[in-house]
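The values are calculated or read from the model by the stated rules, or taken from the named source; none is laboratory data. Predicted, not measured: the structure shown is a model, and the values here were computed from it. All Cβ positions, glycine included, derive from the backbone under ideal geometry; neighbour counts span all protein chains shown.
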């Protein structure tokens, strides 16, 4: 299964040269099958190229190790909303994930076409649509572009 999620177009706000650029993706729902996401700039209609790394709009990729179903006692898959101040245990496996993709060269190319940019994420998995809880394979609370001088 392949799913396309497009964000934008939006004003990128980059006004001066940068040494590095990252795309940060927040609040990724991991209660899904494992999947890989390929990132593209300024091509909202990109459709599963055979060699994504050779596509001119390609910016990078990240993977999510999923947890497709809950097996265990009641509340086994319940993610605590708050943590205790001095609790140094690892976070719950279903805590929403964060991924950072270095997109420096791709962003330099993308911003030459103007002040607006579109980010397209192609998520792919070997799982079938009916194995996914919810509407989307890739559920995220947001993303942002970060540049460093």
If residue 61 satisfies all but one of (1) within 13 Å of residue 120 (Cβ to Cβ); (2) surrounded by fewer than 14 Cβ atoms within 10 Å (Cβ to Cβ); (3) free of Cβ contacts under 8 Å to residues at least 60 places away in the same chain, what's the number of the condition it fails? (2)
Out of curiosity, is residue 126 surrounded by fewer than 13 Cβ atoms within 10 Å (Cβ to Cβ) and assigned to a loop (DSSP other than H, G, I, E, B)? yes
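One line per residue, one yes/no per condition, for (1) in contact with a strand residue (DSSP E or B) (Cβ under 6 Å, 6 or more places away or on another chain); (2) in contact (Cβ under 8 Å) with a residue 40 or more places away in the chain:
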residue: 18; (1), (2): yes, yes
residue: 36; (1), (2): yes, yes
residue: 40; (1), (2): yes, yes
residue: 46; (1), (2): yes, yes
residue: 73; (1), (2): no, no
residue: 86; (1), (2): no, no
residue: 105; (1), (2): no, no
residue: 126; (1), (2): no, yes
residue: 135; (1), (2): no, no
If you go through region 6-27, how many residues are modelled with pLDDT under 95 and crowded, with 16+ Cβ neighbours inside 10 Å? 2
Checking the structure you have, find out if any residue of region 111-119 is touching a residue at least 12 places away in the same chain (Cβ under 8 Å), loosely packed, with under 12 Cβ neighbours inside 10 Å and either under 20 Å from residue 4 (Cα atoms) or out of contact with any strand residue (DSSP E or B) (no Cβ under 7 Å at 6 or more places or on another chain) (or both). yes
